[in-house]
1. What are the pairs with Cβ atoms under 6 angstrom where one residue, in segment 236-261, is part of a loop (DSSP other than H, G, I, E, B) and the other, located anywhere, is small (Gly, Ala, Ser) and open to solvent by less than 60 Å² (accessible area, probe 1.4 Å)? Sequence gap at least six, or different chains.
2. Has segment 191-214 got at least one residue that is at pLDDT below 85, open to solvent by 20 Å² or more (accessible area, probe 1.4 Å) and part of a helix (DSSP H, G or I)?
3. Within segment 140-149, can one find any residue that is open to solvent by 60 Å² or more (accessible area, probe 1.4 Å), closer than 24 Å to GLY60 by Cα and more than 16 Å from the chain's Cα centre (by Cα)?
4. Please pick out the residue among ALA87, ALA92 that is assigned to a helix (DSSP H, G or I), of a type in the set (A, V, I, L, M, F, W, C), in contact with a strand residue (DSSP E or B) (Cβ under 9 Å, 6 or more places away or on another chain) and farther than 11 Å from ASN39 by Cβ.
5. Which of the residues spanning segment 150-189 are under 16 Å from GLY117 (Cβ atoms), among the aliphatic types (A, V, I, L, M) and open to solvent by 10 Å² or more (accessible area, probe 1.4 Å)?
6. Would you please list the contacts, defined by Cβ atoms under 8 Å and residues six or more apart or on different chains, that run from a residue in segment 118-147 that is in contact (Cβ under 8 Å) with a residue 60 or more places away in the chain to a residue that is part of a helix (DSSP H, G or I) and of a type outside the set (A, V, I, L, M)?
7. Could you please find all residues in segment 72-125 being open to solvent by 50 Å² or more (accessible area, probe 1.4 Å) and among the acidic types (Asp, Glu)?
8. Which ones in segment 86-110 are small (Gly, Ala, Ser) and touching a His at 6+ places or on another chain (Cβ under 9 Å)?
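The values are calculated or read from the model by the stated rules, or taken from the named source; none is laboratory data. This is a predicted model, so every value here is computed, not measured. Backbone-built Cβ (ideal geometry, glycine too); neighbour counts: all protein chains shown. Please note that ligands, DNA and RNA were not included when accessible areas were found on the heavy atoms of the full protein model with its side chains. Shrake-Rupley method; radii C 1.70, N 1.55, O 1.52, S 1.80 Å.
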Amino acid sequence: MHVGARVVLVFLPSKRPWSASLVGISIERMTITFITGANKGLGRETARRLIECGHTVLVGARNREQGEEAAAALGARYVPIDVTDDASVAAAAANVAEHEGSIDVLINNAGVHGPVGDPSDLTAADARAVLDVNVIGVVRTTTAFLPLLRRSDDPVIVNVSSGMGSLALTHDPGRPESHVVAPLYTSSKAALTMLTTQYAKGLKGIRVNAADPGYTATDLNGHSGSQTVTEGTDAIVALATEEPGAGSGRFVSRHGEIAWS
């Protein structure tokens, strides 16, 4: 039996064989999704929506209290993870391997903003702090969870990037992205989008795409965004719930596929 299966009615995950009374009943495997930074904002709303879609969701978060609260409220399972720490990421992957055995969807959502405005006083420490979460953290997490993804029949990776990393959007005066100076955040998201295209080319059999949530009201921007958190998760949810065979290496917003340049 595969962990997290369902048979018309949803059963609690179990590693024991099906009872004889279930023999002959058609079994449909649940989609298991792991989300980093899922205790609030886009990550939490993504978790809520995917649970509504029938996914078994694992809430990954650094803050245990917030992670456990979110998981309890949503009907998910909390898995501790700090994407900036090798040991923490490895422990999270081991935790999932023990309890679920595999995952179908990895959503690299955890992110930080960093300094905004005049870049004159930026330091190397500032840059490391942002890149360690937004780019290196994605590499850490993806590498650790690849063995679990490869056990899926249709493995999917969704990287939560941003139009703030697009040359076209940040140079278009009609776009909100062009009115913000956030040197480290924007550069990290440009790097993440390119990382996505390289993963898509190099990871055979795994669908890898980037989502642009758009200008969404979250803690990251002091809730100044014009979109609701539900609108901001449209692209993420769409990529996480596509049918097998959908494209890879794409950059997608809630309005459809967009050009990165």
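1. SER248/ALA200; GLY249/ALA200; ARG254/ALA235; TRP260/SER166; SER261/ALA168
2. Restricting attention to segment 191-214, the residues satisfying the condition of being at pLDDT below 85 are 214.
Cutting the leftovers down to open to solvent by 20 Å² or more (accessible area, probe 1.4 Å) gives us 214.
Then keep just the ones that are part of a helix (DSSP H, G or I); that gives none.
No: segment 191-214 contains no residue that is at pLDDT below 85, open to solvent by 20 Å² or more (accessible area, probe 1.4 Å) and part of a helix (DSSP H, G or I).
3. Restricting attention to segment 140-149, the residues satisfying the condition of being open to solvent by 60 Å² or more (accessible area, probe 1.4 Å) are 143, 147.
Narrowing the set further to residues that are closer than 24 Å to GLY60 by Cα leaves 143, 147.
The next check asks that each one be more than 16 Å from the chain's Cα centre (by Cα); those that pass are 147.
Yes, the conditions are met somewhere in segment 140-149.
4. Numbers: ALA87 fails: in contact with a strand residue (DSSP E or B) (Cβ under 9 Å, 6 or more places away or on another chain).
None of the others qualify; the one that does is ALA92.
5. MET164, VAL180, VAL181, LEU184
6. Taking only residues 6 or more apart or on different chains, the pairs are PRO119/PRO183; LEU122/PRO183; LEU131/SER188; VAL135/SER188.
7. Hits for segment 72-125 are ASP85, ASP86, GLU98, ASP118, ASP121.
8. Residues of segment 86-110 small (Gly, Ala, Ser): 87-88, 90-94, 97, 101-102, 110.
Answer for segment 86-110, where residues must be small (Gly, Ala, Ser) and touching a His at 6+ places or on another chain (Cβ under 9 Å): GLY101, SER102.
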